[in-house]
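Below: one structure, written as structure tokens.
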Amino acid sequence: MQLLLFGHQSSLLSLWLMHWPILMKMLAALLLLVPLSNAIEINVKGSERQCEYQPTLQPRPHSVSILEFGAIGDGKTLNTLAFQNAIFYLKSFADKGGAQLYVPAGKWLTGSFNLTSHLTLFLARGAVILGSQEASHWEIVEPLPSYGRGLELPGGRHRSLINGYLLHDVVVTGDNGTIDGQGSVWWEWFTSHSLNYSRPHLVEFTGSKDIVVSNLTFLNAPAFNIHPVYCSNVQVQNISVYAPPGSPYTVGLVPDSSDNVCIENCSISTGYDAIALKSGWDEYGIEYGRPSTSVHIKQVYLQSFSGSALAFGSEMSGGISNVLVEHLYIYNSNCGVEFKTTKGRGGYIKEIVISDVEMKNVETAFSATGQSGFHPDDNFDPNALPIVDLITLRNVIGSNISLAGSFTGIEESPFTSICLSNISLAVTSSATYWECSNVLGFSQLVFPEPCPDLNSSVSNSSFTCFSFLNSNAEVATL
């Protein structure tokens with residue numbers, strides 16, 4: 001990743017020199033901002049970030065193999081009962097330092113099962129947990145209270161393949177083992193409108209804390225891959241996620257009404273959003289009132305076929321704030337970074353810093369829209385207006401970009417303090433580079449030059465942007 005950044009800095013310098021007249025126009029603003037920029041750099045470097053708190057994984061004093069519970073790894077035998085029995089047995093070690101469930105090489109077909117606290121689920125190299133393609137093997141559960149219904153259909157939803165409910169101290173890891181949801185049947189049912197309930201996910205933790213997911217490959221999720229909801233202290237590191245381009249609305253990682261989250265050193269390629277931060281849906285999310293906050297995303301490779309590589313919302317009614325994203329590589333994607341909301345959501349997306357980004361072959365580099373998504377029912381409050389404020393995008397280089405940015409806020413609640421700095425995008429289209437309405441912000445050293453609403457001179461807009469960075473350099477100081 002460091003090599004990418006060195007190339008990034010070199011490319012930026014050459015592009016700035018090519019567009020020297022533009023730089024001269026910005027010189028006065030830049031000179032005024034130099035002291036602030038230096039202070040920002042010092043504070044950011046000295047700040048504490050969630051991904052700097054590496055969890056210490058102590059070996060569990062007890063370990064059993066799934067083989068001891070009659071499991072057969074032939075890819076055909078259903079092993080749901082074996083997983084359930086093994087985890088039930090391991091509950092007895094919760095007050096004795098916890099235990100490990102070891103899954104050796106093989107193909108282990110299973111339906112949904114639940115984890116327990118003080119547990120490590122370890123997948124050996126060559127171990128593949130396969131999700132059953134029988135819908136009846138994925139139970140129906142109640143909708144999440146912050147959503148009020150299934151995301152795709154009214155009523156309940158299918159339980160995820162691997163679940164944790166009100167747990168703590170759980171590790172799902174391995175030696176690059178694989179969890180494969182075999183989602184093709186779910187995608188077919190979804191597109192043919194054959195489902196009675198919303199699709200399941202691969203891994204979901206609800207109301208849990210001290211969770212680690214690492215060193216695994218996730219394939220072909222029916223919908224989401226990893227969904228921590230109402231969780232605290234979540235570490236997702238060194239994983240690969242893949243779903244084919246045509247897979248409908250498959251999403252990689254979804255921190256949802258969760259705090260103190262680290263996503264680091266991951267490679268994610270999905271049909272829709274690669275990473276999406278959420279926090280509840282309309283009146284249900286407003287009433288539940290739990291934000292996603294203190295999130296750190298670092299050194300990730302993202303590809304999104306039809307959605308966004310990094311998305312915020314559109315279900316964000318509990319609020320999303322204090323997010324730091326750095327060292328981000330986005331390629332072959334529909335949209336790079338997108339902020340999504342609409343009237344009736346309420347909530348907020350604010351205090352977001354996204355820095356050191358490289359994009360290649362991206363249709364729209366940046367997007368913020370106030371007209372995204374639909375409503376769970378007719379009981380939403382159309383006067384519940386979302387707030388989008390203090391969004392900083394800086395140190396970005398992009399090649400083969402079709403549209404630099406599309407920012408369309410809400411007339412009654414414009415998006416404010418959108419701060420762009422040190423951005424250079426090679427836009428292939430000769431038409432409009434930026435689209436803007438109902439948005440206010442500031443830009444410094446941005447090419448192509450943004451629309452006037454994002455191109456304020458040194459004024460209150462720029463002061464708000466940089467005073468935010470200066471006083472909240474630990475925006476993701478967690």
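The values are calculated or read from the model by the stated rules, or taken from the named source; none is laboratory data. Note that the structure is a prediction, hence the values are computed from the model and not measured. Cβ sites come from the backbone with ideal geometry, for glycine too, and all protein chains shown count toward neighbours. Protein only, heavy atoms only, side chains kept; ligands, DNA and RNA dropped before computing areas. Shrake-Rupley method; radii C 1.70, N 1.55, O 1.52, S 1.80 Å.
Of all the numbered requirements in (1) within 23 Å of Pro61 (Cβ to Cβ); (2) open to solvent by 30 Å² or more (accessible area, probe 1.4 Å), His137 misses one, and that requirement is (1). For the subset of segment 78-97 comprising residues that are in contact with a His (Cβ under 8 Å, 6 or more places away or on another chain) and under 17 Å from Leu130 (Cα atoms), which member is most open to solvent (accessible area, probe 1.4 Å)? Here the answer is Leu78. Whenever a residue of segment 261-276 is open to solvent by 10 Å² or more (accessible area, probe 1.4 Å), its partners that are of a type in the set (Phe, Trp, Tyr) and not in a strand (DSSP E or B), lying with C-beta atoms within less than 7 angstrom and at least six residues away or across chains, give the pairs Tyr272/Tyr249. Scanning segment 277-327 for residues that are of a type in the set (Ser, Thr, Tyr), in a strand (DSSP E or B), open to solvent by 10 Å² or more (accessible area, probe 1.4 Å) and more than 14 Å from Val261 (Cβ to Cβ) yields a count of 1.
Looking across His227, His201, one residue alone is within 23 Å of Leu167 (Cα to Cα), in contact (Cβ under 8 Å) with a residue 40 or more places away in the chain and part of a loop (DSSP other than H, G, I, E, B). It is His201. Taken over segment 184-206, residues that are touching a strand residue (DSSP E or B) at 6+ places or on another chain (Cβ under 7 Å), buried (at least 24 other Cβ atoms within 10 Å of the Cβ) and not charged (D, E, K, R) amount to 5.
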